[in-house]
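Participant: Here it is, the structure in full.
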Amino acid sequence: MTKTHHRHATRNRPFRRLVGTGLLLASAWVASAQAAQVNVLCSMNPEWCRSAAAVYERLHGVSVSVINKPTGESYAQIVAEKERPRVDVWFGGTADPHFQAAEQGLLAEYKSPQLSQLYPWAQDAAKASGYKTVGLYSEVLGIAYNTEILAKKKLAAPKCWKDLANPAYRGEVQMANAQSSGTSYVAIATFVQIMGEEAAFKFMQAMNANVSAYSRQGLGPIKAVAKGESALSVSFLHNAAQEAELKYPVAYVVPCEGTGYSVGAMSLIKGGPHPEEAKKFFEWALSPSGQRVAATSRSYQFPSNRNTPLPEGAPNVKGAKFINYDLAKYGASAERRRLIARWEKEILNAPR
């Protein structure tokens, strides 16, 4: 039995060597394939997410795995995966959750060599976060409305935030849900900074009587306005401009009291599976080449790189009054949690 076993073992040595060599080659191939991949969690217009992935793959020969989620849900995923991150780059979405993730040690510190080419607001986001995030674009908050619905119902177009609490607009307003949407949180923080916290919550309580739905994503309300499902929405104005370009009866206004804006951010995930490829994607996304993709996918935010042309479809905000949005304060995790918890209790879950 021993001899027989030894003979079989001897005869099988070449086969074992071949198998061993094959396994080594397979391992090398897998390692090579992994090195040429980047996993992107995208919190922007899905079309922009897909276009960016396709263009980057074509230019650099790197496989881009992209998942599209609202900013709040993206943040929740990053927190849930903190022990074993699966994401390399968090691409877009309002800066506040990025700041929260930075504060919790979930993002990698990285100072881009392109930083000096960015507008001050983009550089400020990087500095305030300890270089754990950076400004990718900016977007202006305002009111969008369906001109045909207002004309049919003989309702005046809104001019100010306070108009959204007018009983004439009962059931005609939509806003996103702050539990999942960065857009909604920016709106809450904007109201607080313009009106003061107590007055802002009284305003939102009055507006709540007019709200027909709080959508999961920030895009939901403007889509409802475009389709004629709602007359008014609290939205970023580049989204309203996009719907108007598609010939929907959509117009928009920068409210008379002034308005806030969001810095859309980009971050590298600490401990992500492909750190070197992540940095390459990050640098491309900050470059004019990467930022031009937004306009080709009809995303009309204001780009952060000074050398990137302003998209032709960008909203007209000439003469608008802007607040000095306190990103450091309202991007802090404790303040964000506190305001959202109060909003859930006093607005979302309040009887109407």
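Rule-based calculations on the coordinates, nothing more; no lab input. Source: prediction; values computed, not measured. Heads up, the Cβs are rebuilt from the backbone with ideal geometry, glycines too, and the neighbour counts pull from every protein chain shown.
Participant: Helix-only mean residue ellipticity at 222 nm, the chain, DSSP H runs n ≥ 4 weighted -39,500 (n - 2.57), per residue, nearest 500. What is it?
Facilitator: Taken over the chain, the calculation gives -13500 deg cm²/dmol.
Participant: Related question: With the Cα gyration tensor of the chain giving a ≥ b ≥ c as the square roots of its eigenvalues, does the rule (a/c under 1.5 for rounded; else a/b larger than b/c for prolate; else oblate) give rounded, prolate or oblate?
Facilitator: Verdict is prolate for the chain.
Participant: Please compute the length gained on full extension between Arg338 and Ser65, using 0.36 nm multiplied by the number of residues separating them and subtracting their Cα-Cα distance.
Facilitator: 94.9 nm
Participant: Counting pairs of alpha carbon atoms under 8 Å apart in space and at least six apart in sequence, what relative contact order in percent does the chain give?
Facilitator: After rounding, I find 24 percent.
Participant: With a point put 7 Å past each Cα toward its Cβ, work out how far Ala251 is from Ser116 in nm, to one decimal.
Facilitator: 4.7 nm
Participant: Counting alpha carbon pairs within less than 8 Å and at least 6 residues apart, what relative contact order, in whole percent, applies to region 165-241?
Facilitator: So the answer I get is 45 percent.
Participant: What does the charge add up to near Lys329, with Lys and Arg as +1, Asp and Glu as -1, over the other residues with Cβ less than 14 Å from its Cβ?
Facilitator: Numbers: positive: Arg336, Arg337, Arg338; negative: Asp96, Glu103, Asp124, Glu197, Asp326, Glu335.
Once all neighbours under 14 Å are counted, the net charge is -3.
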